[in-house]
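Structure, as structure tokens:
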Amino acid sequence: MARDEDWIPPPVMRSAADEAIDAAIARGDFDDLALAGKPLSLPAQDDPDWWIRQRIEDGDIDRNALLPAVVLLRREADDLDTTLAALDSEQAVRDYAEDYTSRVLRDRVENPLTRMFAPTLDADIAVERWRTVRQQ
């Protein structure tokens, strides 16, 4: 029967990730981090998306980046006069109308079951609107 003092613990298996972290600590890669030692602002309830909500609140992420493309396209259509007013030539208006319509059609193909649609923009109608907006 073996005695307790003869017992040798099994070797500890370390992953490559553990070794990389230890090497980074030894090099000082984690020294002087901006938020080191500061507590996380965790929600009271279990929320797996707490970190993204916190980044949005801090202004690190644009809220619009999280919206569906169709919503962004509809907003863009709502601001059409402002966009057209910023364009300096008829060709620029036609190019914009073509680009906008291609994004709308691509969204319709990628999301065929959506109930919300963004309007397309005919280049000739866009040019007429551009002329009207520029005269105002």
- Message: Quick check on the stretch 76-136: take the gyration tensor over C-alpha atoms, sort the square-rooted eigenvalues as a ≥ b ≥ c, and tell me if it's rounded (a/c under 1.5), prolate or oblate.
- Response: prolate
- Return P(r) of the stretch 1-80 (all Cα-Cα pairs; 5 Å bins starting at 0; whole %; ordered from short to long distances). 3, 10, 9, 10, 11, 11, 12, 9, 7, 7, 5, 2, 2, 1, 1, 1, 0, 0
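Using the Cα atoms of the chain to build a convex hull, what is its mean projected area in square nanometres? Present the calculation step by step, with values, prior to reporting the outcome.
Values: hull surface 77.7 nm².
Orientation-averaged projected area of the Cα hull: 19.4 nm².
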- Test item: Cα-centred dipole of the stretch 13-136, Lys/Arg +1 and Asp/Glu -1 on Cβ, debye: 420 debye
- Roughly what angle does helix 90-110 make with the longest principal axis of the chain, taking Cα atoms, 0 to 90 degrees, to the nearest 10? 50 degrees
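Arranged from highest to lowest average of other beta-carbon atoms within 10 Å per residue, in what order do the peptides 120-129, 81-90, 4-13, 38-47 appear? Don't skip to the end; give the middle numbers.
Details: 120-129: 15.6, 81-90: 13.4, 4-13: 5.7, 38-47: 8.4.
Highest mean packing first, the order is 120-129, 81-90, 38-47, 4-13.
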- Message: How charged is the neighbourhood of Ile56? Take every other residue with its Cβ under 9 Å from the Cβ of Ile56, and add Lys/Arg as +1 and Asp/Glu as -1.
- Response: -1
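Fewest Cβ neighbours within 10 Å first, please rank Arg115, Arg134 accordingly. List each step's numbers first, then the result.
Details: Arg115 6, Arg134 12.
Sorted ascending by nearby Cβ count, the order is Arg115, Arg134.
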- Message: For the ranges 64-75, 16-27, 95-106, what's the packing order if you count other beta-carbon atoms within 10 Å of each residue, average per peptide, and put the highest first?
- Response: 95-106, 64-75, 16-27
- Query: For the stretch 66-107, what does the alpha-carbon gyration tensor say about shape, rounded, prolate or oblate, given a ≥ b ≥ c as the root eigenvalues, a/c under 1.5 as rounded, and a/b over b/c as prolate?
  - Reply: oblate
- Taking alpha-carbon centroids only, the stretch 34-99 lies from the stretch 105-136 a number of Å equal to 20 Å
- Message: As I understand it, the dipole of the stretch 37-114 uses +1 on the Cβ of Lys and Arg and -1 on the Cβ of Asp and Glu, about the Cα centre. Which of Leu73, Val93, Ala44 lies farthest toward its positive end?
- Response: Ala44
- Selected from Met116, Pro10, Thr132, residue furthest toward positive end of dipole (the chain; charges at beta carbon): Thr132
- Message: Counting other beta carbons within 10 Å of each residue's own, what order do Phe117, Phe30 fall into, fewest first?
- Response: Phe30, Phe117
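Rule-based calculations on the coordinates, nothing more; no lab input. Note that the structure is predicted; figures quoted are calculated from it, not measured. Please note: Cβ atoms are built from the backbone with ideal geometry, for glycine as well, and neighbour counts cover all protein chains shown.
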